[in-house]
Amino acid sequence: APTVAVEGVHKRYETTDGAGTTALADVSFTIDPGEFVTVVGPSGCGKTTLARLVGGFESPTSGRVLVDETPVTSPAPDRAMVFQAYHLFPWLSVQENVAFGLVEQGVAEDVRNERVEAMLELVGLSDRASAYPAELSGGMKQRVGLARALAVDPGLLLMDEPFGSVDSQTRRRLQRELLDIWRTVEKTVVFVTHDIQEAVLMSDRVLVLTGTPGRVRDDVTVELPRPRD
Ligand code: ADP
Ligand code: ADP
């Protein structure tokens, strides 16, 4: 799993009316290989922007984002993202959604099928392989999103409010499942949430962003018992 270094990052979005928004100012931190870090802060403080910068979906206006000491300039299969709103392809079945990144990478069909099966088993959806997203509950869709992200075996998993669209009971179950999975897969995880309780529950290390533009207000270590059944 990779190291992540964010060094003096500023991000400004220019808008056509010339106003523009500075989303992040002077943000610096590092993440060790295999670490699970939560990023918490109020709406608008730049959490999504930060996740997108680390994923290579945005470029910093100044400063640098390094993954394993290499500057991030574009998205790469080694950095997978899971979104709040699922972003599943509605015209593809569950197994086709999970296979998507592998197809893009030109992975041979037999290897691909095996990998898809393993991922669906990991997230407990083997029996829904041929269902379509519209036929699934929110929690199930979120598990498909996670399986799709994990299928390409990324070293770095970026999760942007991944459990923000499901009810609280389902959220607690998914939180537990994600931690159980993380303990087995050796991935560096950046987990974005606006919910401080969720942030502290998911990880010992909590990066607190505040303000507009967002700055790192705290980088704290809190040791609590992790959620368990
Ligand atoms: P958060 O995830 O913490 O809610 P965001 O990263 O989504 O914060 O947004 C931070 C700030 O940047 C907000 O003021 C938002 O309006 C602005 N912003 C985000 N994306 C864009 C964009 N593509 N164009 C212009 N402004 C944006
Ligand atoms: P999850 O924790 O996956 O969100 P729910 O608690 O919403 O699951 O639902 C429990 C079970 O009910 C699911 O495992 C699924 O079999 C079924 N189910 C729920 N919602 C739907 C739906 N919209 N379409 C089909 N089956 C559903």
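The values are calculated or read from the model by the stated rules, or taken from the named source; none is laboratory data. Model, not experiment: these values are computed from the prediction. Note that each Cβ is placed from the backbone with ideal geometry, even for glycine, and that neighbours are counted across all protein chains shown. SASA here: full protein model, heavy atoms, side chains in, ligands and nucleic acids out. Shrake-Rupley method; radii C 1.70, N 1.55, O 1.52, S 1.80 Å.
Observations on the model:
- Top-ranked residue in region 185-220 [being open to solvent by 100 Å² or more (accessible area, probe 1.4 Å) and away from ligand 1 (no atom under 16 Å from the Cβ); ranked as nearest to G155 (Cα to Cα)]: E186
- Total residues in region 118-144 satisfying the condition of being in a helix (DSSP H, G or I) and either of a type in the set (S, T, Y) or within 12 Å of ligand 2 (Cβ to nearest atom) (or both): the figure is 13.
- Among the criteria (1) among the aliphatic types (A, V, I, L, M); (2) within 16 Å of ligand 1 (Cβ to nearest atom); (3) not in a strand (DSSP E or B), the one A99 does not fulfil is (2).
- Taking the criterion of being within 16 Å of ligand 1 (Cβ to nearest atom) and either open to solvent by less than 10 Å² (accessible area, probe 1.4 Å) or in contact with a Lys or Arg (Cβ under 8 Å, 6 or more places away or on another chain) (or both), the residues of region 29-52 that qualify are V37, T38, V39, V40, G41, C45, G46, T49, L50, A51.
- Only residues that are part of a strand (DSSP E or B), away from ligand 1 (no atom under 16 Å from the Cβ) and over 15 Å from the mean Cα position of the chain (by Cα) were counted across region 1-28, and they come to 4.
- Among residues of region 53-70 being assigned to a strand (DSSP E or B) and surrounded by fewer than 16 Cβ atoms within 10 Å (Cβ to Cβ), the one that is farthest from ligand 1 (Cβ to nearest atom) is T70.
- Candidates are the residues of region 72-96 that are over 14 Å from the mean Cα position of the chain (by Cα) and open to solvent by 70 Å² or more (accessible area, probe 1.4 Å); the one that is farthest from V107 (Cα to Cα) is T73.
- Consider region 145-170 and keep the residues that are part of a helix (DSSP H, G or I) and near ligand 2 (Cβ under 10 Å from one of its atoms). The one that is surrounded by the most Cβ atoms within 10 Å (Cβ to Cβ) is T170.
- Qualifying residue in region 3-25 (condition: within 19 Å of M202 (Cβ to Cβ), in contact with a strand residue (DSSP E or B) (Cβ under 9 Å, 6 or more places away or on another chain) and modelled with pLDDT of 95 or more): yes
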